[in-house]
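Here is the structure we will look at, set down as structure tokens.
The values are calculated or read from the model by the stated rules, or taken from the named source; none is laboratory data. All figures in this text were calculated on a predicted structure; none of them were measured in a lab. So basically every Cβ, Gly included, is an ideal-geometry build from the backbone, and we count neighbours across all protein chains shown. These accessible areas exclude ligands, DNA and RNA; they are computed on the full protein's heavy atoms, side chains included. Shrake-Rupley method; radii C 1.70, N 1.55, O 1.52, S 1.80 Å.
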Amino acid sequence: MTTAETRAGALPDLADVPARELQVAVLGVGMMGADHVARLYSRISGAQVVAVSDAFAEKAEQVAATVPGCRVIGDPLVAIADDDVDAVLIATPGQFHEEQVLACIERGKPVLCEKPLTMEADSSLAVVRAEDEYAARTGRRLVQVGFMRRFDPEYAELKALIDAGGLGEPLLVHCAHRNAAVPPHFTSEMMVNDSVVHEVDVARFLLDEEIAAVTVLRPKATRHAVAGQSDPLLVLFETTSGRMVDVECFVSTGVGYEVRTEVVGEDGSAMIGLDAGLVRTSGGSSGAARSTGIAPDFRQRFGRAYDIELQRWVDAARRGEVDGPGAWDGYAAQAVCAAGVEALRSGQRTEVRLASREGTAS
Ligand code: ISE
């Protein structure tokens with residue numbers, strides 16, 4: 001058994017992709033990377049995890065042992081260069097992404113990099129330009145950034161509704177991004193860079209335009225906030241055409257993983273993320289109630305999105321294409337987050353400094 005369809009019984013449409021399976025190296029097998037290894041092995045067709053790499057050798061051995069034929073390669077750059085590796089999934093800590101993505105471009109290997117693309121806007125721009133040069137030589141793009149929400153069926157439906165004109169001209173977007181809890185090292189700056197960054201990508205994706213300015217307000221903090229940090233935050237994006245997007249980012253709610261997006265247009269509005277799958281009624285001493293489940297974290301809420309993201313990445317890589325947010329999207333998100341961190345510190349409306357997109361088609 002070599003393919004996930006025979007392992008898991010799924011029957012994908014492989015008509016338009018080459019017969020050879022994509023041999024993937026997964027770099028970084030912490031929570032997210034290990035999840036992707038399991039996903040590629042059990043649910044994604046047309047790919048094989050042939051190597052894993054992690055700074056913790058024991059963890060790498062453990063994860064490799066779950067996939068027949070998977071090797072551990074200690075040095076991630078050696079894994080990227082390995083002749084048996086066709087494509088690379090990067091789930092290492094963000095500070096390693098720049099070197100690893102650039103190495104993939106140098107070797108001409110498709111890469112799916114979890115966010116952030118790199119740690120700063122300038123280094124992300126360097127990746128954009130390196131991929132541009134590669135594309136100018138070969139006609140092919142290589143880089144996809146792991147903004148998985150674009151693949152979530154609810155977001156996809158909302159985007160299709162907007163694009164079909166179902167809401168008229170979209171004017172406002174309201175976003176809520178809530179986590180039950182975060183680790184004690186999670187600062188307000190990390191809320192911007194790690195959490196709000198998803199709303200940056202959602203806003204750019206849904207509205208199809210760049211964000212021009214960011215304002216960050218610090219309401220009264222919850223008593224559960226990490227000591228000295230502002231939680232929740234209210235963030236306002238202004239797009240280049242003057243639409244506005246407000247984001248409530250609240251990462252210590254004690255409740256669950258809640259991500260809601262409402263788009264308000266000239267001719268109507270639409271909301272997603274209500275976790276309204278199963279609506280349950282119950283009685284009891286405190287009175288009758290109606291309730292729905294709330295996902296405990298992003299792996300449950302966006303599990304399906306990750307599956308679709310990886311399947312489309314594998315299929316596209318086998319065709320020599322990229323089918324998802326590219327290097328430019330990773331760069332634009334970093335540029336907005338840099339402005340967001342500046343706005344958080346200064347309390348001032350901060351303009352986003354975005355380079356020219358000339359020559360960039362991703
Ligand atoms: C985490 O890195 C994520 O990507 C989650 O989607 C987000 O909700 C969380 O706040 C981040 O820390």
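Key figures for this structure:
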| item | result |
| --- | --- |
| Qualifying residue in the stretch 206-214 (condition: in the same structural domain as T253 (by TED's automatic domain parsing), on the phi > 0 side of the Ramachandran plot and either of a type outside the set (K, R) or more than 16 Å from the ligand (Cβ to nearest atom) (or both)) | yes |
| In the stretch 135-151, the residues that are at negative phi, more than 20 Å from the chain's Cα centre (by Cα) and either surrounded by fewer than 18 Cβ atoms within 10 Å (Cβ to Cβ) or of a type in the set (V, I, T) (or both) | A136, R137, T138, R140 |
| Number of positions in the stretch 109-127 that are open to solvent by 40 Å² or more (accessible area, probe 1.4 Å) and within 16 Å of the ligand (Cβ to nearest atom) | 2 |
| Matching residues in the stretch 314-347 - criterion: being assigned to a helix (DSSP H, G or I) and acidic (D, E) | D315, D329, E342 |
| Residue in the stretch 168-181 that is over 18 Å from the mean Cα position of the chain (by Cα) and either within 15 Å of the ligand (Cβ to nearest atom) or without any contact (Cβ under 8 Å) to a residue 60 or more places away in the chain (or both) present | yes |
| Failed condition for E154, given (1) surrounded by fewer than 22 Cβ atoms within 10 Å (Cβ to Cβ); (2) more than 17 Å from the chain's Cα centre (by Cα) | (2) |
| Identity of the residue in the stretch 297-310, open to solvent by less than 40 Å² (accessible area, probe 1.4 Å) and in a helix (DSSP H, G or I), that ends up nearest to the ligand (Cβ to nearest atom) | R301 |
| Test: residue in the stretch 4-15 that is polar (S, T, N, Q) and either at positive phi or at pLDDT 95 or above (or both) | no |
| Residue tally, condition of a type in the set (G, A, S) and either touching a residue at least 40 places away in the same chain (Cβ under 8 Å) or touching an Asp or Glu at 6+ places or on another chain (Cβ under 7 Å) (or both), over the stretch 86-107 | 2 |
| Residue satisfying all of: in the stretch 169-226; open to solvent by less than 50 Å² (accessible area, probe 1.4 Å) and of a type in the set (D, E); farthest from T118 (Cα to Cα) among these | E209 |
| Odd one out for G165, checked against (1) on the phi < 0 side of the Ramachandran plot; (2) more than 16 Å from the ligand (Cβ to nearest atom); (3) at pLDDT 95 or above | (1) |
| Pick from the stretch 232-278, criterion under 23 Å from T350 (Cα atoms) and among the aromatic types (F, W, Y), ranking: nearest to the ligand (Cβ to nearest atom) | F250 |
| Neighbours by Cβ (under 7 Å, 6+ apart or cross-chain): first from the stretch 250-268, crowded, with 20+ Cβ neighbours inside 10 Å; second hydroxyl-bearing (S, T, Y) and part of a loop (DSSP other than H, G, I, E, B) | S252/T222 |
| Any chance D35 is within 19 Å of the chain's Cα centre (by Cα) and on the phi < 0 side of the Ramachandran plot | yes |
